[in-house]
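Note sheet for the following structure.
The values are calculated or read from the model by the stated rules, or taken from the named source; none is laboratory data. Source: prediction; values computed, not measured. All Cβ positions, even for glycine, are placed from backbone atoms using ideal geometry, and neighbour counts span all protein chains on display.
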Amino acid sequence: MTSHAASQSPARSRGAAGVWLGVLAVALVAIATAWVVLVKEPVAAVEGLPYADVLAGVEEAGLSLAGEGALLAVWGGLATLGAVAAATLVSLRRISAAAGRRVILALLGANAGALVLGGFSASMDVADAFGVAGGSATWWPLALLAVSALAVVALVVDVVRPRGAAPAGT
């Protein structure tokens, strides 16, 4: 005779595995955000200059991208730590896989704040140093904002959808 907990084990394992994949997603999005804000955007804004020259020009103007780097490092570390905590709690069966999934989605959605804060400040530093436009110079910020927006939509759907309800069309 199998216990109730044992009969739910495969589904529970899939839920925990999904949350651990979410940890990877949170870490990758945080890394991508830092790369876009600190490297990709500044180089694209000042066409023709290598990254080292862009940084040197920002420093010569009395500005720095270090503050943005610190903000993004702290955000990325805290978001990844939060995701690891949620996945660990799911694996230890302290919270449900649904709760862990919601934490992951919330963290992915909240990345938009780090992108906007870090990106605005960094682009203004580059704009002030080189006299270029301070807006986005590539499509990467939009892609990251789309990931955050999709995560928020998925979170709302996950919270609002009644338990056990099948998705429409099934």
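Could you please let me know if GLY100 is at pLDDT 95 or above, buried (at least 16 other Cβ atoms within 10 Å of the Cβ) and either aromatic (Phe, Trp, Tyr) or more than 24 Å from GLY62 (Cβ to Cβ) (or both)? Reasoning before the result, please.
Numbers: at pLDDT 95 or above: yes; buried (at least 16 other Cβ atoms within 10 Å of the Cβ): yes; either aromatic (Phe, Trp, Tyr) or more than 24 Å from GLY62 (Cβ to Cβ) (or both): yes.
So GLY100 fits the description; yes.
Would you say LEU105 is without any contact (Cβ under 8 Å) to a residue 12 or more places away in the chain and over 15 Å from VAL39 (Cα atoms)? Walk me through how you get there before you give the answer.
Values: without any contact (Cβ under 8 Å) to a residue 12 or more places away in the chain: no; over 15 Å from VAL39 (Cα atoms): yes.
Judged against the criteria, LEU105 is not a match.
Do we find that GLY57 is more than 28 Å from ILE104 (Cα to Cα), among the small types (Gly, Ala, Ser), surrounded by 14 or more Cβ atoms within 10 Å (Cβ to Cβ) and modelled with pLDDT of 95 or more in this structure? I'd like the intermediate steps shown before the answer.
On the way: more than 28 Å from ILE104 (Cα to Cα): yes; among the small types (Gly, Ala, Ser): yes; surrounded by 14 or more Cβ atoms within 10 Å (Cβ to Cβ): yes; modelled with pLDDT of 95 or more: yes.
Against the criterion (more than 28 Å from ILE104 (Cα to Cα), among the small types (Gly, Ala, Ser), surrounded by 14 or more Cβ atoms within 10 Å (Cβ to Cβ) and modelled with pLDDT of 95 or more), GLY57 qualifies.
Among VAL153, VAL84, VAL103, VAL116, which is in contact with a Pro (Cβ under 9 Å, 6 or more places away or on another chain), aliphatic (A, V, I, L, M) and part of a helix (DSSP H, G or I)?
Working: VAL153 fails: in contact with a Pro (Cβ under 9 Å, 6 or more places away or on another chain); VAL84 fails: in contact with a Pro (Cβ under 9 Å, 6 or more places away or on another chain); VAL103 fails: in contact with a Pro (Cβ under 9 Å, 6 or more places away or on another chain).
Of VAL153, VAL84, VAL103, VAL116, the one residue that is in contact with a Pro (Cβ under 9 Å, 6 or more places away or on another chain), aliphatic (A, V, I, L, M) and part of a helix (DSSP H, G or I) is VAL116.
Within the stretch 117-132, is there a residue that is closer than 21 Å to GLY22 by Cα, crowded, with 20+ Cβ neighbours inside 10 Å and under 14 Å from the mean Cα position of the chain (by Cα)?
no
Of the residues GLY62, GLY109, GLY113, which is surrounded by fewer than 21 Cβ atoms within 10 Å (Cβ to Cβ), more than 24 Å from VAL153 (Cβ to Cβ) and not basic (Lys, Arg)?
Working: GLY109 fails: more than 24 Å from VAL153 (Cβ to Cβ); GLY113 fails: more than 24 Å from VAL153 (Cβ to Cβ).
When all the criteria are applied, what remains is GLY62.
What do you reckon, is ARG94 over 22 Å from the mean Cα position of the chain (by Cα) and under 25 Å from ALA154 (Cα atoms)? Let's see the steps before the verdict.
Numbers: over 22 Å from the mean Cα position of the chain (by Cα): yes; under 25 Å from ALA154 (Cα atoms): yes.
Yes, satisfied.
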